[in-house]
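What follows is calculated from the coordinates using simple rules that are stated; it is not laboratory data. Note that the coordinates shown come from a computational prediction; the quantities given were computed from them, not determined experimentally. When we count neighbours, we look across all protein chains shown, and the Cβ atoms used for this are built from the backbone with ideal geometry, even at glycine.
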Amino acid sequence: MLKNYGLIAEYESPHAICEASKRVRDAGYQKWDACTPFPVHGLDKAMGLKDSVLPWFVLVAGITGCALISWLMIWVAAYDYPLNIGGKPTWSVPAFVPPAFEVTILFSSLMAVFGMFALCGLPRLHHPLFHSKKFERVTDDKFFIVIEAQDALFDLEKTKDLLNQTHPVSIELVEEQL
């Protein structure tokens with residue numbers, strides 16, 4: 001059984017997709033995306049995207065990693081297994097800086113990778129857009145706007161009219177299997 005996934009509109013240039021993205025954004029659509037073969041300067045602003053929360057997650061993970069390894073090193077060196085070597089203190093900050101730095105980087109990098117996967121909804125091994133022959137060109141030289149049928153404002157005819165007003169090369173209805 002097939003159901004509508006959404007509409008895709010094909011564009012020839014980065015400028016055309018930026019202008020079309022502004023029209024779609026101003027129309028109030030929420031579940032849509034612009035797909036390009038390379039990063040397009042200004043497209044985020046044209047789409048009205050907000051800043052990502054990922055840097056804050058990475059910061060919290062880095063601070064957590066630094067705090068955990070610092071606590072572990074101090075606990076082991078000063079309380080669990082203290083060694084008195086030549087009258088030196090049981091724990092010394094300079095000795096703990098390299099491991100703390102390394103674990104901070106480790107936690108931050110793991111959060112960056114897995115946080116990006118989670119925020120992007122990955123891994124998704126199959127997507128309905130993969131059925132479109134035209135969409136295959138998105139990795140070469142074509143630009144696409146995808147408006148999902150799940151959007152509250154999606155009406156097949158009205159959405160198609162809006163996309164036609166942006167002067168696309170073509171518009172296609174994409175269906176997905178249930």
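Observations
- Net +/- balance of residues flanking GLY42 in space, Cβ distance below 11 Å, scoring K and R +1, D and E -1: 0
- Max mean-square fluctuation residue, GNM over the chain, Cα-Cα springs under 10 Å, options GLU136, GLU157, GLU12: GLU157
- Here, the chain has an Rg and a Dmax of 25.1, 83 Å when only alpha carbons are counted.
- Max mean-square fluctuation residue, GNM over the chain, Cα-Cα springs under 10 Å, options ARG23, ARG124, ARG137: ARG124
- Taking 19 Å as the cut-off, the amide N atoms of region 64-99 that come nearer than this to a point 7 Å along the Cα-to-beta-carbon line of SER109 belong to 64-70, 97-99.
- Reciprocal of mean inverse Cα separation for region 54-120 (Kirkwood radius, Å): 13.1
- Alpha-carbon Debye profile of region 1-97, log10 I(q)/I(0) at 0.11, 0.25 Å⁻¹: -0.59, -1.23
- Distance between modelled label sites at ARG23 and GLN177, nm, 7 Å Cα→Cβ extension: 3.4
- Using a Förster distance of 41 Å, the FRET efficiency for ASP155-TRP91 (Cβ separation, nearest 0.05): 0.05
- Length-normalised contact order of the chain in % [C-alpha pairs under 8 Å, at least 6 apart]: 54
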